[in-house]
1. Could you tell me what percent of the accessible area of the range B:75-123 is made up of carbon and sulfur, with a 1.4 Å probe and every protein chain present?
2. So, taking all protein chains as they sit and a 1.4 Å probe, how much accessible area belongs to D:LYS44, in Å² rounded to tens?
3. Calculate, for the range D:45-104, the solvent-accessible area per residue in square angstrom, rolling a 1.4 angstrom probe over the heavy atoms of the protein chains.
4. Using a/c under 1.5 as the rounded threshold, could you call the range D:143-195 rounded, prolate or oblate? The axes a ≥ b ≥ c are square roots of the C-alpha gyration tensor eigenvalues, and prolate needs a/b larger than b/c, oblate otherwise.
5. Excluding ligands, DNA and RNA, what is the accessible area buried between chains A and B, summed over both sides, using a 1.4 Å probe, to the nearest 100 Å²?
6. Taking 37 °C and 0.692 mPa s as the conditions, I'd like the Stokes-Einstein D for the range D:35-128 in µm²/s, using the Kirkwood hydrodynamic radius from alpha carbon pairs.
7. From the cross-link list B:LYS287/D:LYS44; A:LYS35/A:LYS97; A:LYS44/A:LYS97; C:LYS54/C:LYS280, which pairs have alpha carbons spaced over 26 Å apart?
8. Which of the residues in the range B:114-143 lose at least 50 Å² of accessible area when you go from the chain alone to all protein chains together (probe 1.4 Å)?
4 protein chains.
Amino acid sequence: MANFQVRTDLALEARESIGEAESALHGVRVEEYYKEEQDVRVTKVMIDTKNAAKAMGKPVGIYVTMEAPAMVEPDEAYHREISECFASELLELLPGKGEEQSVLIVGLGNREVTADSLGPQAVDNLFITRHIVREYGAAAYNREKINLISALEPGVMAKTGMETAEIVKGVVRETEPDVLIVIDALAARSIRRLNRTIQITNTGIQPGSGVGNHRNALTQESLGVPVIAVGIPTVVDAATIVSDALEKLLEEEKEADVVKYVSRQQKNFPELNNMYMTGKDIDAVVKRVSYTVSEGINLALQMCMDEMGTA
Amino acid sequence: MANFQVRTDLALEARESIGEAESALHGVRVEEYYKEEQDVRVTKVMIDTKNAAKAMGKPVGIYVTMEAPAMVEPDEAYHREISECFASELLELLPGKGEEQSVLIVGLGNREVTADSLGPQAVDNLFITRHIVREYGAAAYNREKINLISALEPGVMAKTGMETAEIVKGVVRETEPDVLIVIDALAARSIRRLNRTIQITNTGIQPGSGVGNHRNALTQESLGVPVIAVGIPTVVDAATIVSDALEKLLEEEKEADVVKYVSRQQKNFPELNNMYMTGKDIDAVVKRVSYTVSEGINLALQMCMDEMGTA
Amino acid sequence: MANFQVRTDLALEARESIGEAESALHGVRVEEYYKEEQDVRVTKVMIDTKNAAKAMGKPVGIYVTMEAPAMVEPDEAYHREISECFASELLELLPGKGEEQSVLIVGLGNREVTADSLGPQAVDNLFITRHIVREYGAAAYNREKINLISALEPGVMAKTGMETAEIVKGVVRETEPDVLIVIDALAARSIRRLNRTIQITNTGIQPGSGVGNHRNALTQESLGVPVIAVGIPTVVDAATIVSDALEKLLEEEKEADVVKYVSRQQKNFPELNNMYMTGKDIDAVVKRVSYTVSEGINLALQMCMDEMGTA
Amino acid sequence: MANFQVRTDLALEARESIGEAESALHGVRVEEYYKEEQDVRVTKVMIDTKNAAKAMGKPVGIYVTMEAPAMVEPDEAYHREISECFASELLELLPGKGEEQSVLIVGLGNREVTADSLGPQAVDNLFITRHIVREYGAAAYNREKINLISALEPGVMAKTGMETAEIVKGVVRETEPDVLIVIDALAARSIRRLNRTIQITNTGIQPGSGVGNHRNALTQESLGVPVIAVGIPTVVDAATIVSDALEKLLEEEKEADVVKYVSRQQKNFPELNNMYMTGKDIDAVVKRVSYTVSEGINLALQMCMDEMGTA
């Protein structure tokens, strides 16, 4: 079904949709391991060549996917064990390990739309140090070296009249961070991945992906500094889910028919554009997973610092 | 397709799904008119008999549906012309016209979930008088008579541990209002009705309808006072939309096949339970329509008072 | 200065304002101890007689004040050590220890006013069980016995048109809890107590105290069940702070002059009515202390259950 | 009392504190008029020389103060009559009248602290056009010419780790607006000015003024484009109010004593630093006045456009 647009932000799902045969694609390496104690399955998809990137529909780079079924369940400590896994995966993608760095964390999305509020909620709970260190030095934290951590919630274009990329670019130019971490809610293809999966990639964020169209590219190419993107799928695109439903139903039918049905479906359902599907307890879930993310970032940036040594 | 559960809170859609023939059902009267200036189409479905109620899947009573396409568009004055239509329709269903009344307005739903926040947002903008009138009399408003208006946001069961009906019942017993107006976000069957339709009914709210399961019955029978329910569809149930997509695709196929497909679909998609579909600009839309509703209620209760005469 | 109204919700401050001599008052017992590890000073004021109650301006009952200077500082775990102290003090005042109980927790105050949002914020983070236990039994939590925990945010009179006491009374009648815990922001006399002090009392809440006039009595007498009130001072009354400033300045002056100044002050500053004073970081502080309170309540109700034994 | 620091953001109050004699200062011109229908008193203070600026403690420029007592009262239309006054005063200070302009509106302050949320709340209700015009041209609004309106909520330093000025500077460089309008909550000296006064100035915002220390200079000098600052006082500084109370009490006393008292007061009350005083209904009031401001800006920028003519 080469001409049907699979709508997913997860490299894991992009790979699945290519199918078994192609996963042995040249230029794509895959590593998998399972952390039993935390019940977290980690899949690293490394896209090494431009050809592979084209086949996968994702840029060259590393995509780490953590599947953590417990993440969706209530937990008093916001699943600190998952935050710790996430911190160590994040740390591997962060450049400049062991050195003092200035890190800007950007929370994309719309705080007012529950399913799109992961980024804004996550930046609410970060440990921010830049203003203190610039005023009083690392000594304010009893350290010799410390990361300068800052955060930005750029808001959405409908409310600002500006592209997210314009705002981020301006702030990056003015404050000159060494690296960006960008947090965003994603769209998954499969309902069973919702709120259970964290994707970390060193490719930044590309135009046209994600829940809303709230930005264009946030990448090393466009911003001049490395960009790590962190995302959790909180919604499934409505058109995708209907397509998938159709495909499942029809998969016993003849192949020729499938193509006919799907192209008909695309004409029949223009009204599904800009609709998305989400769960009923989305408020509690997004609040919870945003803590898992922010705690993981706090831990990772703390671990960096521990490698630098204290005073 | 008698054995397929149509999931809609709109009497208008329930009637449509029964089909043309049955709409001439005994015990169901329908009135329609179009207010050209405001571009509002009003349909009144009056279910008069228990048999008709059973056929429609809705209790005996009056269901007014206002279709107002402009409601979804931005407007500086929150579509006052629609608020005025709504106020006059609401006023017709309110008992005790021309008399001073105590009116409790209940905003159902979850403020934290955008699509379910219509009720809580609408009660934020009501003109509340009860506490002032009880302390200082109608004279505080330079009137001889005035309605005592109060409002309640009971919250959702996951956060309170109590049924909404328990909370409302307790407050009704203690404060003894003459009539309740209950505001809630609804589920529609059709995407094109989302946020464009206001339903007003004198049957109150029945268990199992609406976006969440956040209450059981709020009816005259359960509470002892008349209950007017006001709702706007803000979501479409995910399973319904998939079913509808299938039906449309398959409607050219043989009838026998349809039944087979649909029953298969119901087995295939248990994961669609508790999922709903909503638009991407839902935050701005719900904020806007909640004003249209609250202004309409303010106007209706003001108009009541004007009929009573001022001092 | 007997005829000057001291405005404080803290029994500790009421006692201080009476002065050294009177603290040896008949009918008032005081116990103090210091928990060194947690740096928490606990003062229990037990008012045993009506005469003592009159002298203190507080009803007969037990008032526990925890002074915890660390509470105002950031802490990753929301000062779990203080939550634990608080839990054990709360547990001592809770009736029916060791038995399964139904506990309703009421968050008073206005979520929209930062300094008054302690109650609403604290109930956001409680572990709610009542609806689950009623549906599935204690077995849902793998226990033989479990407390039924519910929560209510009644809102403020300006928005509901109802006294908080009316709403709470109605809900208590309908849901029949065994005990109430009521959480509210308090007014302190002294700036140095702001956000550093937790008061727990078994006397419930009396009309006219607190930040706003958002309720009348919530007591065992008015509601028919024991009422434990938990409060943290988040504001200082503006008139009180000006009075105190004057007193300090004038304390070297002749006693007769003081009375003259203060009565003049009361005429001069009617505009200070309904004004309060609060700190600039009040948003972060209230968020933090609300977690300390909710975690403490969660722990206390969990400890109750542990005394009951698990399945 | 030359050496006592008057803490106010209002030029009107700075002038009052200088006293009658000095108001005939060289280099300061004052115009006053009263709009009877709207009950709005407008005072324009024009500081023309550096000497005058030094004496006033405010930079050279124009300060328009609108005193509108009705603003603090509830009104269904958010005091449109005051918005209209404000729009016409704002329009006089805006450069480039009659030409198509790109206007960036910045909402300073902390959304989470009620008294400091004027800026963020006001930008919520602006009519944003920049992204639409850039995509579809003025034709999208059926016009030949139209202003490009964008908005930014930079947040507070404790949450971003960046100075507000850094963020604004970056965004200005990147998006190149022709003019900035900056909205902020102010501190007044007098309680009777709270929420009743709008100040508009073409001098931008200077470091150290306002409720919090959430920025340094936002001025034409620092940003390279004209900056109009709009503010409403929502708080009174706690130390100021105590000082004022003392002054009033002591003004009948001998002048020498006053100096003694006040210097003593400054030693006695270090704890008043970072405290502010505000009213109990601050949530409703700030919501209301933020609408008055945003509607005024919407009107002003619309009026600009009307002068340009429609297609």
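The values are calculated or read from the model by the stated rules, or taken from the named source; none is laboratory data. This is a predicted model, so every value here is computed, not measured. Methodologically, a virtual Cβ is constructed for each residue, glycine included, from the backbone with ideal geometry; neighbour enumeration extends over all protein chains shown. Side chains included, ligands, DNA and RNA excluded: accessible areas come from the protein's heavy atoms. Shrake-Rupley method; radii C 1.70, N 1.55, O 1.52, S 1.80 Å.
1. Working: 600 of 1480 Å².
Looking at the range B:75-123 in its full context, I get 41 percent from C and S.
2. So the heavy atoms of D:LYS44 present about 20 Å² to solvent.
3. Numbers: 2540 Å² over 60 residues.
Accessible surface, normalised per residue, equals 42 Å².
4. Oblate, since a/c reaches 1.5 and b/c is not below a/b.
5. Numbers: alone 15320 and 15320 Å², together 27390 Å².
That pair hides around 3300 Å² of surface in total.
6. Here the translational diffusion coefficient equals 205 µm²/s.
7. In this structure, B:LYS287/D:LYS44; C:LYS54/C:LYS280 exceed 26 Å between Cα atoms.
8. Those residues are B:HIS131.
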